[in-house]
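The values are calculated or read from the model by the stated rules, or taken from the named source; none is laboratory data. All values reported here derive from a predicted model rather than from experimental measurement. Every residue, glycine among them, receives a Cβ derived from its backbone with ideal geometry; neighbour counts consider all protein chains shown.
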Amino acid sequence: MKLTRRETLVGAAALGASACVTGPDPQAMSDAHPATGETLSRIAFGSCAKESKEQPVWEAINAAAPDLFIFLGDNIYADTRDPKVMADKYARLAAKPGFQKLRANTPVCAIWDDHDYGEDDAGADYPMKDESRRQFCDFWGESADSMRRTRDGIYAAHLFGPAGQRVQVILPDLRWNRTPVRKLDLGGKTYAVWQNEQRQANAAVPGPYERNPALDASMLGEPQWTWLAQQLRQPADVRVLASSLQVLADFAGWEGWINYARDHQRLFAAIREANAEGLVCISGDTHYAELSMLDLNTPYPIWDLTSSGLTEVWPVLPPNALRVGDALRENNFGLIDIDWSKRELNLQACDLKGEVRISRRVQLDTLIVA
């Protein structure tokens with residue numbers, strides 16, 4: 001009996017078959033992925049899936065039949081320092097029928113954000129991060145010798161497809177090394193109290209954070225920056241920077257790359273220095289979907305398609321001067337369709353029914369370092 005392309009792909013994942021780019025420096029190698037040799041034409045992604053809730057969104061995602069699904073973080077809401085609680089929440093996600101169907105039919109890759117890392121807005125000082133990493137790697141099927149289990153964070157990169165149709169997926173870890181986020185001065189009040197007072201006064205209610213201009217403030221840490229610079233030099237036709245936090249949104253009230261001034265600028269400089277063409281960003285965290293674009297002091301127009309959440313919806317929409325079109329404040333997932341014949345990407349956010357609510361076509365010849 002002849003296997004379909006998807007059956008072959010999933011069978012390879014089950015057997016752990018893999019291949020990777022080799023080089024003299026192990027840190028420059030792409031991490032092995034079972035689907036490495038497959039050409040990708042449709043990538044789905046999403047974030048923020050509370051395991052205690054029903055998850056009907058998987059029906060539309062599975063119907064979309066992606067070649068790869070990227071989990072962008074908050075894949076569970078562990079919010080704990082108890083390993084058993086974390087394990088129980090992973091078990092609840094594993095028991096979801098739609099999630100089971102996805103894992104049975106579609107290759108996946110994953111990064112974490114704060115809630116599956118362990119605590120709300122947690123960074124380098126989270127005391128349970130080694131155990132959290134162990135559970136993450138076990139749940140997502142990382143091999144015993146995976147570099148994600150031993151280096152300074154679970155960052156990873158994968159290459160898919162042959163030359164001419166090669167897709168690189170880069171998954172930075174924005175938690176393991178992150179220095180503390182800079183908080184607004186609320187006069188000694190908790191954010192909840194201060195926020196309520198602002199609302200009662202009909203005043204603006206920004207998030208609790210502000211931009212940190214310190215040059216030593218970072219989300220990635222130096223070893224990961226060295227690794228990222230090397231990854232951006234790997235040959236690829238399309239690059240997907242899969243960030244757990246928004247890369248472009250210019251409102252610093254909540255967590256995002258914009259809160260770390262040097263990291264934000266350093267990313268664009270690294271893309272330019274590596275001549276890393278064909279890069280688009282995807283991101284999660286926000287509990288709404290939106291598309292952002294920045295073309296000032298960047299190597300080429302940078303796009304960031306945010307998809308969040310699979311189960312969560314935020315009650316208000318923060319400002320974002322870089323937003324293109326309208327935001328989608330409903331449960332949603334993201335899609336990137338790649339038309340290799342036209343050398344075109346279609347960036348999309350879809351609702352629970354699978355209907356496209358945000359869409360933008362981007363030509364690869366516009367993603368070339370000037």
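Out of E277, E210, report the one residue that is acidic (D, E) and closer than 19 Å to V316 by Cα.
Working: E277 fails: closer than 19 Å to V316 by Cα.
None of the other options fit; the residue is E210.
Within the stretch 327-343, is there a residue that is surrounded by 16 or more Cβ atoms within 10 Å (Cβ to Cβ), of a type in the set (S, T, Y) and more than 30 Å from A204 (Cα to Cα)?
No, that holds for no residue.
Hey, does the stretch 327-335 have a residue that's in a strand (DSSP E or B) and farther than 30 Å from G164 by Cα?
Looking through the stretch 327-335, at least one residue is in a strand (DSSP E or B) and farther than 30 Å from G164 by Cα.
G354: within 20 Å of A60 (Cα to Cα), modelled with pLDDT of 95 or more and touching a Phe, Trp or Tyr at 6+ places or on another chain (Cβ under 6 Å), yes or no?
So G354 does not fit the description; no.
Could you run through the stretch 192-231 and say how many residues are part of a loop (DSSP other than H, G, I, E, B) and of a type in the set (V, I, T)?
Keep residues of the stretch 192-231 that are part of a loop (DSSP other than H, G, I, E, B), which gives 201-208, 210-211, 213-221.
When the remaining residues are screened for being of a type in the set (V, I, T), the result is 205.
Residues that pass the stated criteria total 1.
Residue-by-condition table, conditions (1) surrounded by 15 or more Cβ atoms within 10 Å (Cβ to Cβ); (2) of a type in the set (D, E, K, R); (3) farther than 30 Å from S41 by Cβ:
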{"site": "K129", "(1), (2), (3)": "yes, yes, yes"}
{"site": "D145", "(1), (2), (3)": "no, yes, yes"}
{"site": "R148", "(1), (2), (3)": "yes, yes, no"}
{"site": "A156", "(1), (2), (3)": "yes, no, no"}
{"site": "F160", "(1), (2), (3)": "yes, no, no"}
{"site": "R166", "(1), (2), (3)": "yes, yes, no"}
{"site": "L171", "(1), (2), (3)": "yes, no, no"}
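Output the residue which, of all residues in the stretch 221-255 that are touching a strand residue (DSSP E or B) at 6+ places or on another chain (Cβ under 8 Å) and small (G, A, S), is surrounded by the fewest Cβ atoms within 10 Å (Cβ to Cβ).
G253
Output the residue which, of all residues in the stretch 131-143 that are buried (at least 17 other Cβ atoms within 10 Å of the Cβ) and over 17 Å from the mean Cα position of the chain (by Cα), is nearest to H33 (Cα to Cα).
So, considering only residues that are buried (at least 17 other Cβ atoms within 10 Å of the Cβ) and over 17 Å from the mean Cα position of the chain (by Cα), the one nearest to H33 (Cα to Cα) is E142.
Could you look through the stretch 122-164, keep only residues that are part of a helix (DSSP H, G or I) and among the polar types (S, T, N, Q), and pick out the one that is farthest from W254 (Cα to Cα)? Walk me through it before giving the result.
Here is the first cut: in the stretch 122-164, the residues part of a helix (DSSP H, G or I) are 129-139, 147-149.
Next cut, among the polar types (S, T, N, Q) only: 132, 135.
Working: S132: 23, Q135: 27 Å.
Residue satisfying both the conditions and the ranking: Q135.
Closer than 28 Å to E210 by Cα, at pLDDT below 95 and either buried (at least 19 other Cβ atoms within 10 Å of the Cβ) or among the charged types (D, E, K, R) (or both), is that true of K183?
Details: closer than 28 Å to E210 by Cα: yes; at pLDDT below 95: yes; either buried (at least 19 other Cβ atoms within 10 Å of the Cβ) or among the charged types (D, E, K, R) (or both): yes.
Judged against the criteria, K183 is a match.
Counting only residues that are assigned to a loop (DSSP other than H, G, I, E, B), without any contact (Cβ under 8 Å) to a residue 60 or more places away in the chain and either of a type in the set (K, R) or surrounded by fewer than 20 Cβ atoms within 10 Å (Cβ to Cβ) (or both), how many does the stretch 68-121 have?
8
Name the residues in the stretch 264-287 that are buried (at least 21 other Cβ atoms within 10 Å of the Cβ), at negative phi and outside any strand (DSSP E or B), would you?
The answer is L267, I271, A276, G284, T286.
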